[in-house]
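J.: First the structure, which I've put down as structure tokens, then a few questions once you've had a look.
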Ligand code: PNS
């Protein structure tokens with residue numbers, strides 16, 4: 001049976017922690033869909049299409065092997081996307097107990113809604129302190145984000161845009 005998994009998130013922007021999780025997930029599943037979802041609780045830095053494009057470039061730059069599709073989803077529930085593409089698993093990266101507390105209710109609701117299971121993956125602890133919101137803040141105040149994001153993202157954020 002072909003195993004398809006979805007890695008959802010805001011990815012605003014994609015970080016080295018996200019790339020680490022995407023690589024681990026690509027090693028576990030036959031096909032991976034990295035799906036950029038608008039999170040209304042967060043103030044966006046980058047347009048969705050730009051986030052998709054940066055993830056595509058970062059995945060290529062990292063040399064991650066496997067069938068990886070990068071796309072976005074804005075029409076309704078994330079589990080509807082999973083059902084549409086035949087994905088039975090959602091992947092979430094867990095950095096700390098705070099992530100577990102945030103992700104657990106969503107995982108249970110997604111299972112209740114459509115039988116989609118959530119798999120929690122642990123990124124390299126070297127990335128445990130890295131978050132997109134921190135990167136957004138450092139970038140907006142003119143700081144160097146190179147240690148936290150793929151090179152393509154650092155170059156983009158430090159360009160004139
Ligand atoms: O990177 P983020 O912002 O933590 O990602 C959160 C995201 C986008 C994965 C989450 O907000 C989400 O799943 N949104 C889709 C809307 C949905 O299906 N909600 C109901 C079940 S949780």
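The values are calculated or read from the model by the stated rules, or taken from the named source; none is laboratory data. The structure displayed is predicted, hence computed values, not measured ones. Every residue, glycine among them, receives a Cβ derived from its backbone with ideal geometry; neighbour counts consider all protein chains shown.
J.: If we keep just the residues of segment 2-29 that are in contact with a helix residue (DSSP H, G or I) (Cβ under 9 Å, 6 or more places away or on another chain) and under 13 Å from residue 66 (Cβ atoms), which is nearest to the ligand (Cβ to nearest atom)?
T.: Step by step, filter segment 2-29, then rank; the result is 7.
This table checks each residue for (1) in contact with a helix residue (DSSP H, G or I) (Cβ under 6 Å, 6 or more places away or on another chain); (2) surrounded by 13 or more Cβ atoms within 10 Å (Cβ to Cβ).
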position	(1), (2)
31	no, yes
34	yes, yes
38	no, yes
44	no, yes
49	no, no
56	no, yes
72	yes, yes
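J.: Of the residues that sit in segment 100-125 and are without any contact (Cβ under 8 Å) to a residue 12 or more places away in the chain and under 30 Å from residue 147 (Cα atoms), which one is farthest from the ligand (Cβ to nearest atom)?
T.: Per the criteria, the residue is 125.
J.: In the list 48, 64, 55, 4, which residue meets the criterion of being within 17 Å of residue 136 (Cα to Cα), more than 12 Å from the chain's Cα centre (by Cα) and modelled with pLDDT of 95 or more?
T.: 48
J.: Can you pull out every residue in segment 86-105 that is exposed (fewer than 15 other Cβ atoms within 10 Å of the Cβ) and assigned to a helix (DSSP H, G or I)?
T.: Scanning segment 86-105 gives 97, 98, 100, 101, 102, 104, 105.
J.: Looking only at segment 126-161, filter to residues that are within 14 Å of the ligand (Cβ to nearest atom) and in a helix (DSSP H, G or I); which one of those is surrounded by the most Cβ atoms within 10 Å (Cβ to Cβ)?
T.: The extreme case among them is 135.
J.: Limited to segment 1-22, what total is found for residues that are surrounded by fewer than 19 Cβ atoms within 10 Å (Cβ to Cβ) and farther than 14 Å from residue 85 by Cα?
T.: Adding up the residues that qualify gives 1.
J.: A further question on this structure: Restricting to segment 88-99, name every residue that is within 13 Å of the ligand (Cβ to nearest atom) and within 21 Å of residue 55 (Cβ to Cβ).
T.: If the condition is that a residue be within 13 Å of the ligand (Cβ to nearest atom) and within 21 Å of residue 55 (Cβ to Cβ), then 90, 91, 92, 93, 94, 95, 99 are the ones that fit.
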